[in-house]
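Student: For reference, the structure I am asking about is given below.
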Amino acid sequence: MAATKADVTHYQDEGFVVLKGLFTPDEAAQMRDHYMALRAEGPKPGDFGGTKDQPDDPTHQYPRMIQMHKWDKLSEQWATDPRIIESASALMDDPAVMIQTMIYFKPPGGRGQGIHQDEQYITMDPLVGVWVALDKSDKEVGQMVVVPRSHQVGMLKVQEADTSVSFTEAEAIVPDGFEVVGVDMEPGDTLFFHGRCVHGSYANVTKDRWRRSFICHYIGENAKKFEPEKGTHVSHVKAK
Ligand SMILES: O=C(O)CCC(=O)C(=O)O
C-alpha cells in the first residue's frame, strides 16, 4: 500500500503525509518488542540520551539508538521494506536510498525533540523522514508535531532550544503565520515528512505510557549535498 497520487499531492502542498496502517499493529508490536530486547542488552554504538543538564530525564536510561541497520538484520529489513521505499520514492520523485535508522523510546516523562528541519542536520536534498508509530501517539505522550507548508520557506535559522522539554539543544525559528500541529497516530501508521518541513515533539507527560517510534531517513538517488548558510545548521548553536 504505497503512497497514492493524493498522498503525493498532500506531501507536496503541506510538506508531510500520514499513511495510515502502512505497517500492521502486529508488525508495530514486533518492532516494539525487538527494540526493547535490544535496549535491554546494554549500550549500543551512537546511543543518545540527550543533553546532560536534565539528569532525571528517563531518556538517559532508554537512549535513542541510531544506525541499527548496520548491525541488526531486522532493522535493515524494516527500513528497506518496499512499502516505505516505494512511498518515499514517489514522494521525492526520485528513487529512495536509505541513509539512517533510529529508535526513539520516549518513556513516560521523557523529553521531546526541539522543532527543526531535518536538512538542518543532514545537508542533502531531497530528503524525507519516515516515522513509524509503535505505540498510540497523541498529545499526552508527546506525539510528532509538524508545521504545515514550512517546507516551502527555505532553510530557517536555528536557536537554542529549551532543554527542559527538548533532549536536543537546537530548534528552528519558525516565521510568523505558521502553526505547529500535532499528528495523532496509531501503531503502524507512518508519517513521511519533507527534509525542510519543520517538525519535532514535546515531552511525554504521562506516568505510564510509552511513545516508541522507528525513524528512518532517505535521500533521493540524485540528491545533492549543500553548504548550509550561517546560522541554519544545528551545529551552529553552541552545545551545552
Ligand atoms: O520522534 C520525535 O519526537 C522527533 C523525531 C525527529 O524529529 C526526527 O527524527 O527528525
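The values are calculated or read from the model by the stated rules, or taken from the named source; none is laboratory data. Everything quoted here is computed from the prediction, not taken from an experiment. Positions of Cβ are backbone-derived with ideal geometry, glycine not excepted, and every protein chain shown enters the neighbour counts. These accessible areas exclude ligands, DNA and RNA; they are computed on the full protein's heavy atoms, side chains included. Shrake-Rupley method; radii C 1.70, N 1.55, O 1.52, S 1.80 Å.
Student: With a cut-off of at least 1 residues that are more than 10 Å from the ligand (Cβ to nearest atom) and not aliphatic (A, V, I, L, M), name the strands (runs of 3 or more DSSP E) lying wholly within the range 76-161. Full working, then the answer.
Tutor: Values: elements: 96-104, 124-133, 144-146, 158-160.
It comes to 96-104, 124-133, 158-160.
Student: Is it the case that the range 38-56 has a residue that's crowded, with 21+ Cβ neighbours inside 10 Å and away from the ligand (no atom under 13 Å from the Cβ)?
Tutor: No - not one qualifying residue is present in the range 38-56.
Student: Can I ask one more? Tell me the residue from ILE115, ILE122 that is within 16 Å of the chain's Cα centre (by Cα) and crowded, with 22+ Cβ neighbours inside 10 Å, please.
Tutor: Numbers: ILE122 fails: crowded, with 22+ Cβ neighbours inside 10 Å.
Sole residue among the options that is within 16 Å of the chain's Cα centre (by Cα) and crowded, with 22+ Cβ neighbours inside 10 Å: ILE115.
Student: Condition first: under 24 Å from ASP13 (Cβ atoms) and surrounded by 23 or more Cβ atoms within 10 Å (Cβ to Cβ). Now tell me which residues in the range 125-142 satisfy that. Quick ask: steps written out before the conclusion?
Tutor: Here is the first cut: in the range 125-142, the residues under 24 Å from ASP13 (Cβ atoms) are 125-133, 137.
Once the filter is applied, which keeps residues that are under 24 Å from ASP13 (Cβ atoms) and surrounded by 23 or more Cβ atoms within 10 Å (Cβ to Cβ), the range 125-142 yields LEU127, VAL128, GLY129, VAL130, TRP131, VAL132, ALA133, SER137.
Student: Within the range 62-75, take every residue that is in a helix (DSSP H, G or I) and exposed (fewer than 15 other Cβ atoms within 10 Å of the Cβ) and give me the one that is farthest from the chain's Cα centre (by Cα).
Tutor: Going through the range 62-75, the residues in a helix (DSSP H, G or I) turn out to be 68-70, 73-75.
Pick out the ones that are also exposed (fewer than 15 other Cβ atoms within 10 Å of the Cβ) and you get 70, 73-74.
Working: LYS70: 18, LYS73: 21, LEU74: 19 Å.
So, considering only residues that are in a helix (DSSP H, G or I) and exposed (fewer than 15 other Cβ atoms within 10 Å of the Cβ), the one farthest from the chain's Cα centre (by Cα) is LYS73.
Student: Still on this structure, please answer the following. When the residues of the range 19-37 are narrowed to those that are open to solvent by 30 Å² or more (accessible area, probe 1.4 Å) and among the hydrophobic types (A, V, I, L, M, F, W, C), which ends up farthest from LYS5 (Cα to Cα)? Steps first, answer last, please.
Tutor: In the first step, residues of the range 19-37 are kept if they are open to solvent by 30 Å² or more (accessible area, probe 1.4 Å); the result is 20-21, 24-27, 30, 32-34, 36-37.
Narrowing the set further to residues that are among the hydrophobic types (A, V, I, L, M, F, W, C) leaves 36-37.
On the way: MET36: 36, ALA37: 38 Å.
Filtering the range 19-37 for residues that are open to solvent by 30 Å² or more (accessible area, probe 1.4 Å) and among the hydrophobic types (A, V, I, L, M, F, W, C), the one farthest from LYS5 (Cα to Cα) comes out as ALA37.
Student: Now for a different question. Residues in the range 202-230 that are out of contact with any strand residue (DSSP E or B) (no Cβ under 6 Å at 6 or more places or on another chain) and open to solvent by less than 20 Å² (accessible area, probe 1.4 Å): how many?
Tutor: 1
Student: Is there a residue in the range 75-98 that is among the aliphatic types (A, V, I, L, M), modelled with pLDDT of 95 or more and touching a Lys or Arg at 6+ places or on another chain (Cβ under 7 Å)? Break it down into steps so the answer makes sense when it comes.
Tutor: Start the filter on the range 75-98 by keeping residues that are among the aliphatic types (A, V, I, L, M), which leaves 79, 84-85, 88, 90-92, 96-98.
Of the ones still in play, those that are also modelled with pLDDT of 95 or more are 79, 84-85, 88, 90-92, 96-98.
Adding the requirement that they be touching a Lys or Arg at 6+ places or on another chain (Cβ under 7 Å) leaves none.
No, that holds for no residue.
Student: A follow-up question, please. Here's a check for you: in the range 1-32, which residue that is among the basic types (Lys, Arg) and in contact (Cβ under 8 Å) with a residue 24 or more places away in the chain is nearest to GLN77 (Cα to Cα)?
Tutor: To start, the set of residues in the range 1-32 that are among the basic types (Lys, Arg) comprises 5, 20, 32.
Then keep just the ones that are in contact (Cβ under 8 Å) with a residue 24 or more places away in the chain; that gives 20, 32.
On the way: LYS20: 20, ARG32: 15 Å.
Among them, the one singled out is ARG32.
Student: Inside the range 181-201, can you point out the residues that are open to solvent by less than 60 Å² (accessible area, probe 1.4 Å) and assigned to a loop (DSSP other than H, G, I, E, B)?
Tutor: From the range 181-201, those open to solvent by less than 60 Å² (accessible area, probe 1.4 Å) are 181-183, 185, 187-201; that's our starting set.
Scanning the range 181-201 gives VAL183, PRO187, GLY188, ASP189, GLY195, ARG196, CYS197, VAL198.
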